[in-house]
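A.B. asks: Below: one structure in structure tokens.
The values are calculated or read from the model by the stated rules, or taken from the named source; none is laboratory data. What you see is a predicted model; the values in this text were computed from it and never measured. Please note: Cβ atoms are built from the backbone with ideal geometry, for glycine as well, and neighbour counts cover all protein chains shown.
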Amino acid sequence: MQPTNSRLLRCLLGSRKRAAVVVAFWILIAGLLAGVAPTLESVEDNASANLPPAASDSMKARDLVRAQLPGQDATPAIVVVRGEGADAAASAQQAVTRITAALSESTRPDQVASVISTVSAPDAAAELVSRDRSAQLLVVPMTGSPSDESFQNAVDKVRSLVSDRAGPTEVAVTGPAGIATDTVKVFSGGDRILLAATILLVLVILLAIYRSPLMALVPLVAVGVAMRVAETVGALLADAGLITVSSQTASIMTVLLFGVGTDYALIITVRYREALLDEPDRARAMRTAVHRTAESVLASASTIVLAMFALLVAASPALRGFGPYLALGVAVMALVAFTLIPALVLLLGRGVFWPGGVDKAAERGRGAGVWHRVAALVAKAPVRVASAVVALLVVLSAGLLGYQESFNTLSGFRTATESERGQHLIQEEFGPGEIAPSTVVVRSHEDLRSGSAPAEIAAGIADAGHVSRVGEHPRFAEDGTTVFYDVVLDLDPYSSEALDAIAPLQEAARTAADAAGVQDATVLVGGETAQNADIRSALDHDTTLIALLVLAIVTAVLALLLRSVLAPLYLVATLVLSFLATLGVTTFFTVTVLGDEGIGNRVTAYIFIFLIALGVDYNIFIMSRFKQELRTRPPAAAVTAALTRTGGVVSSAGLILAATFAVLMTQPIRELFQFGFAMAFGILLDTFLIRPLLVPALVRLLGDRALWPSRPGTPQTPSAPRTEPPAADAPAARVPEGGSGRLLRAFTWIAVVEACTWAGLLVGMYFKYVPETTELGVRIFGTLHGAAFVVYVLLTVLVAVRLKWRLGRTTILALLAAIPPFMTIAFEVWARRTGRLPGRAVTAKRTYGP
């Protein structure tokens, strides 16, 4: 065995002293960043993640309401009062009187702007009192940001005041203010449980795998450092407005880093144990281990990072803001895995394997008997194995027949909250639509306050389908050109039927405005139902686009790694089958068995992105080993060797990753529970069904064509001297001029064009500051830039396969090519947020079709 000649590895891991410097460096970096960065909780943005795209109709309606109607920027708390017994109406009225007085006193919280009730606003009694008069509503507008602790404390004080004055009545404080406060409480309690459960579970599994307390602690320490660095850098970026971080993203980051970090540590340390059997020098053995695992770990991390960056193409904030922070975390974890983990192991010396010692540890890393039996089964009947696995996956996918989505935030809490109880009271006493009325906005170029147009429009809205009532008194903007109608549907405002009713409602209002003689009217629909309809449209479009992009990324990484065109196709097909089976089982378990209202509206996209990006890791590990074994074995024997020698480590890694995601099921939020269950099941499916059975069976059936167009060479005989693969920094063999020369020239020119179009795009964006400039030029530059970027990446793949580049060099070039478009996106986001760049001039459509 020849040790690696990498200068970088010798610099970092040449001795225990150099390893100590590496450890000190990471500790110093983590400490410095912690000292200058704000806390992650202080920069979390949970509001924008639940909103539709800024250019959608519902957001335009919301902005008009806030701009044209004074006081509408406050966040309302809704107090529900229901009387009991024969004198329910009287007791409810008395309670409303006491609550109104308490919230009008000088001792009330400063955030309470006013109180709207039958006491303070008798004219609004028709909308505040139920039909049997046994229940009433009070609207309490509250100033401040719902994310501030002072706002949440104010809501708690309002709840205390309401409870003290309720008397014999049943009361609850709900509405946007109550929901926001309960959401923060649910997440804050869940984060502590999540972190503790993750650490405990990972520690137990690592102890069972390593059977050494020191070795089990190494991945946990490394993950802790990576998490601290990622959190502080993410907090700095979020504070600067460059990325957004939500509570859900932070929770997923925790389990993702624990899962991925321990997987990378397991892969490196297992190779280190093997290297120690042939190399007594620990530093040299560690460099060899890192060198041999670098390609597969780099491919794994690159796939996840690129998949996260693919979310930047999404229109919905929930997906677009989800990726950069997680990509940052995985990139940091990969750096820690290549540097800090080996350094820690070297510092601990041979004692890291105590009490069993290195010999026993290495023996445990070799293929176990169960994997030899699995390999024998695949070799004996590959057709039957592949057919049985595919049939099982199809059966599991049948659960999709019950698939439906939910847009109700409150129903997603797996713990009782006062805001949810208040919503149920409103539904029971006032009707389902009263919990979230919609607002129809009609804007004209003329004053609408005179004439019969407002009444005619109101009548047209009332005749629309599923409209329960229209507010008696429409509100007008100060100049009279905009009128606002409060519309209550007769449906659950969070149901799919209600979301489907928004477009007909908008069309009915537009038709009524035309019939009333309002020329060139702009009609918009706002409110939670309309926002959810826009979120659904954006998510449907984004999920399809992101799915195609992620599949393209995974296919490209596999093509570069395996130097094959055929292998990525059948490997990606297995991933898609795994996703469909996982989503089917998740739907059946959570919706049919547990009775959830539906799959969380973003959960499907999350499952696809993570399951594809993480599931491909196990294909990478086994196929990389298969490719290595082909140097000395025929394809059939190479498959068996790859399966048996990766079985233990990959199964352990999959078990750890599945367990960490399963911890999300402890969270009191439906989306995290469903996502955690799906990821745990899907990873176990990949680990114990797809990777050891389906993939080897397909490779066995394809034989010499498994890595087409590459063909396995003549295997070396046992007596022949075994040559090691060339070092990473070894010069590539010269390729005769011809087709490759033309490819290189084309590659160079495309790179130049890509750089020029990027510069042109930035220039065009700069000129958008000038009011006379249209966006046509910017769109042209953007189209040229995007096309050049795609061609550039494709040529990178083509040249890499033709010239047999290593994955490291190709990945660096691909990432360099990706910098310009990501910088462009960051530039535009920054310019829009700071007001330096005007909004889009194009009219947003409710549907996001191609």
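A.B. asks: List pairs: first in segment 396-409 and farther than 12 Å from Leu499 by Cα, second outside any helix (DSSP H, G or I) and modelled with pLDDT under 90, Cβ under 6 Å, 6+ apart or cross-chain?
C.D. replies: Pairs found: Gln404/Gly598.
A.B. asks: Shifting gears a bit: What is the residue count in segment 394-439 for residues that are part of a helix (DSSP H, G or I), of a type in the set (S, T, N, Q) and crowded, with 22+ Cβ neighbours inside 10 Å?
C.D. replies: If we filter segment 394-439 for residues that are part of a helix (DSSP H, G or I), which is where we start, we get 394-402, 410-412, 418-430, 432-435.
Narrowing further to those that are of a type in the set (S, T, N, Q): 397, 411, 419, 423, 427.
The next check asks that each one be crowded, with 22+ Cβ neighbours inside 10 Å; those that pass are 419, 423.
Number of matching residues: 2.
A.B. asks: Still on this structure, please answer the following. Quick check on this structure: which one of Leu545, Leu499 is modelled with pLDDT of 90 or more, surrounded by fewer than 24 Cβ atoms within 10 Å (Cβ to Cβ) and farther than 30 Å from Ser710 by Cβ?
C.D. replies: The unique qualifying residue is Leu499.
A.B. asks: Now for a different question. Got at least one residue in segment 96-116 being assigned to a loop (DSSP other than H, G, I, E, B) and in contact with a Leu (Cβ under 8 Å, 6 or more places away or on another chain)?
C.D. replies: Among the residues of segment 96-116, at least one is assigned to a loop (DSSP other than H, G, I, E, B) and in contact with a Leu (Cβ under 8 Å, 6 or more places away or on another chain), which makes the answer yes.
A.B. asks: Would you please name the residue that is surrounded by the most Cβ atoms within 10 Å (Cβ to Cβ), looking only at residues in segment 661-702 that are among the charged types (D, E, K, R) and over 19 Å from Gly261 (Cβ atoms)? Outline the logic, then answer.
C.D. replies: First, the residues of segment 661-702 that are among the charged types (D, E, K, R): 670-671, 686, 691, 700.
When the remaining residues are screened for being over 19 Å from Gly261 (Cβ atoms), the result is 670-671, 691, 700.
Working: Arg670: 23, Glu671: 21, Arg691: 26, Arg700: 23.
Within segment 661-702, the match that is surrounded by the most Cβ atoms within 10 Å (Cβ to Cβ) is Arg691.
A.B. asks: Continuing with the same structure: Looking at Gln427, is it under 30 Å from Asp486 (Cβ atoms) and under 29 Å from the mean Cα position of the chain (by Cα)? Lay out the reasoning, then the answer.
C.D. replies: Values: under 30 Å from Asp486 (Cβ atoms): yes; under 29 Å from the mean Cα position of the chain (by Cα): no.
The answer is no for Gln427.
A.B. asks: If a residue must be among the hydrophobic types (A, V, I, L, M, F, W, C), over 20 Å from Gly261 (Cβ atoms) and assigned to a loop (DSSP other than H, G, I, E, B), how many such residues does segment 275-327 contain?
C.D. replies: So the count comes out to 2.
A.B. asks: Would you check if there is a residue in segment 525-547 being more than 24 Å from Ala54 (Cα to Cα) and either among the hydroxyl-bearing types (Ser, Thr, Tyr) or out of contact with any helix residue (DSSP H, G or I) (no Cβ under 8 Å at 6 or more places or on another chain) (or both)?
C.D. replies: Narrowing segment 525-547 to residues more than 24 Å from Ala54 (Cα to Cα): none.
Within segment 525-547, not a single residue is more than 24 Å from Ala54 (Cα to Cα) and either among the hydroxyl-bearing types (Ser, Thr, Tyr) or out of contact with any helix residue (DSSP H, G or I) (no Cβ under 8 Å at 6 or more places or on another chain) (or both).
A.B. asks: Turning to a different aspect of this structure: Among the residues of segment 481-496 satisfying the criterion of being closer than 15 Å to Gly433 by Cβ and aliphatic (A, V, I, L, M), which is surrounded by the fewest Cβ atoms within 10 Å (Cβ to Cβ)?
C.D. replies: Selected residue: Leu491.
A.B. asks: Would you check if Val441 is in contact with a Pro (Cβ under 7 Å, 6 or more places away or on another chain) and outside the structural domain of Thr174 (by TED's automatic domain parsing)?
C.D. replies: So Val441 does not fit the description; no.
A.B. asks: Which one of these is on the phi > 0 side of the Ramachandran plot and small (Gly, Ala, Ser): Gly471, Gly526, Gly451?
C.D. replies: Gly451
Yes or no, residue by residue, for (1) in a helix (DSSP H, G or I); (2) basic (Lys, Arg):
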site: Arg469; (1), (2): no, yes
site: Asp479; (1), (2): no, no
site: Val483; (1), (2): no, no
site: Leu491; (1), (2): no, no
site: Glu497; (1), (2): yes, no
site: Ala509; (1), (2): yes, no
site: Asp514; (1), (2): yes, no
site: Gln519; (1), (2): no, no
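A.B. asks: Cβ-Cβ under 9 Å, sequence separation 6+ or interchain: first residue in segment 440-465 and in a loop (DSSP other than H, G, I, E, B), partner of a type in the set (Ser, Thr, Tyr). Which pairs?
C.D. replies: Ser444/Thr481; Ser444/Thr482; Ser444/Thr522; His445/Thr481; Glu446/Thr481; Asp447/Thr481; Leu448/Thr481; Leu448/Thr482
A.B. asks: Can you tell me which residues in segment 573-605 are more than 20 Å from the chain's Cα centre (by Cα) and of a type in the set (Phe, Trp, Tyr)?
C.D. replies: If the condition is that a residue be more than 20 Å from the chain's Cα centre (by Cα) and of a type in the set (Phe, Trp, Tyr), then Phe588, Phe589 are the ones that fit.
A.B. asks: Further question on the same structure: Of all residues in segment 243-277, which are of a type in the set (D, E, K, R) and more than 15 Å from Ser300 (Cβ to Cβ)?
C.D. replies: If the condition is that a residue be of a type in the set (D, E, K, R) and more than 15 Å from Ser300 (Cβ to Cβ), then Arg273, Glu274 are the ones that fit.
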